[in-house]
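Okay, structure first, notes after.
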């Protein structure tokens, strides 16, 4: 298969295994390019992309921007804090005004789940979901799975633990969908108050004990405690969370085999991960950042081909 089965990247739930493998294969080629002295290719010349971020973002926004520039696209950056959205303008009106400037593709982060899907049904442009509330974050899941595959060669029958604030994380749900489609075994760990009940519908087991969970897994993807999304207090304190669920050298010394440590960032050092673990040889956090550019280049390129047809 040389083309994606979808016209937008709204979530991992909408992709099939062949789509994911095509994205990975395309990312392999772009990773070679971004490690060459000349890092730019003309693949998206004459394509205009608008980055619409209705929530704060550093890593994802920068990663998309550099991916777009590496592909020679024209870029329009939008921040809701300085826009007419603050004056009451609707999402559709905002986007249609941008599309009137002849924009071909929209990368959007929005606080409301389903915003990317809503947009895809109401505007004439390719939509990439850069995170919609606590729903999905497909490009993060793809770069995470790609990074694991890079280290372990295959995800089939590998044990991947997702640790932390599952309830408020868009990364968790997208990772579960992606890893399951690629044949990995997935379990979660964290306080029961931060583990949503819908995981039972996805056949995901919750292991409350961190040491047991770490002994089970090959890879642990550590999630940030998202206090900004918590309308009530789900944990007694960050200090108590760190003592029970923080990954540090002490707990890793009790584990029988080495683990691959991942984190989507930003890391709350001393809470989810101690600095000596975050900066250790077990950590592939910076590999995730590099792979994020290649994965996003692949997605932009594959959707861009559909525009040029």
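The values are calculated or read from the model by the stated rules, or taken from the named source; none is laboratory data. Since the structure is predicted, the reported quantities are computational estimates derived from the model, not experimental observations. Heads up, the Cβs are rebuilt from the backbone with ideal geometry, glycines too, and the neighbour counts pull from every protein chain shown.
Of all the numbered requirements in (1) buried (at least 16 other Cβ atoms within 10 Å of the Cβ); (2) part of a loop (DSSP other than H, G, I, E, B); (3) within 19 Å of the chain's Cα centre (by Cα), residue 123 misses one, and that requirement is (3). Based on this model, can you work out whether residue 155 counts as under 23 Å from residue 289 (Cα atoms) and buried (at least 21 other Cβ atoms within 10 Å of the Cβ)? Considered against the rule, which asks whether it is under 23 Å from residue 289 (Cα atoms) and buried (at least 21 other Cβ atoms within 10 Å of the Cβ), residue 155 comes out as yes.
Let's see how each residue does on (1) at pLDDT 95 or above; (2) farther than 30 Å from residue 243 by Cβ; (3) assigned to a strand (DSSP E or B):
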{"position": "134", "(1), (2), (3)": "no, no, no"}
{"position": "144", "(1), (2), (3)": "yes, no, no"}
{"position": "165", "(1), (2), (3)": "no, no, no"}
{"position": "178", "(1), (2), (3)": "yes, yes, no"}
{"position": "213", "(1), (2), (3)": "yes, no, no"}
{"position": "225", "(1), (2), (3)": "no, no, no"}
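For region 181-224, filtering for residues that are touching a residue at least 40 places away in the same chain (Cβ under 8 Å), closer than 24 Å to residue 274 by Cα and touching a helix residue (DSSP H, G or I) at 6+ places or on another chain (Cβ under 8 Å) leaves 12. For region 192-201, the tally of residues that are assigned to a helix (DSSP H, G or I) and surrounded by 13 or more Cβ atoms within 10 Å (Cβ to Cβ) stands at 3. Could you tell me whether residue 57 is at pLDDT below 90, under 18 Å from the mean Cα position of the chain (by Cα) and surrounded by fewer than 17 Cβ atoms within 10 Å (Cβ to Cβ)? So residue 57 passes the test. Condition first: part of a helix (DSSP H, G or I) and surrounded by 20 or more Cβ atoms within 10 Å (Cβ to Cβ). Now tell me which residues in region 1-18 satisfy that. Passing the criteria: only 12.
Residue check: residue 113 meets all listed conditions (1) touching a strand residue (DSSP E or B) at 6+ places or on another chain (Cβ under 9 Å); (2) not in a loop (DSSP other than H, G, I, E, B) but one, namely (2). Does residue 77 count as touching a strand residue (DSSP E or B) at 6+ places or on another chain (Cβ under 9 Å), outside the structural domain of residue 213 (by TED's automatic domain parsing) and either at pLDDT below 95 or not in a strand (DSSP E or B) (or both)? Judged against the criteria, residue 77 is a match.
Considering every residue within region 254-277, establish whether at least one is assigned to a helix (DSSP H, G or I), in contact with a helix residue (DSSP H, G or I) (Cβ under 8 Å, 6 or more places away or on another chain) and either modelled with pLDDT of 95 or more or crowded, with 21+ Cβ neighbours inside 10 Å (or both). Yes; the residues of region 254-277 include at least one that is assigned to a helix (DSSP H, G or I), in contact with a helix residue (DSSP H, G or I) (Cβ under 8 Å, 6 or more places away or on another chain) and either modelled with pLDDT of 95 or more or crowded, with 21+ Cβ neighbours inside 10 Å (or both).
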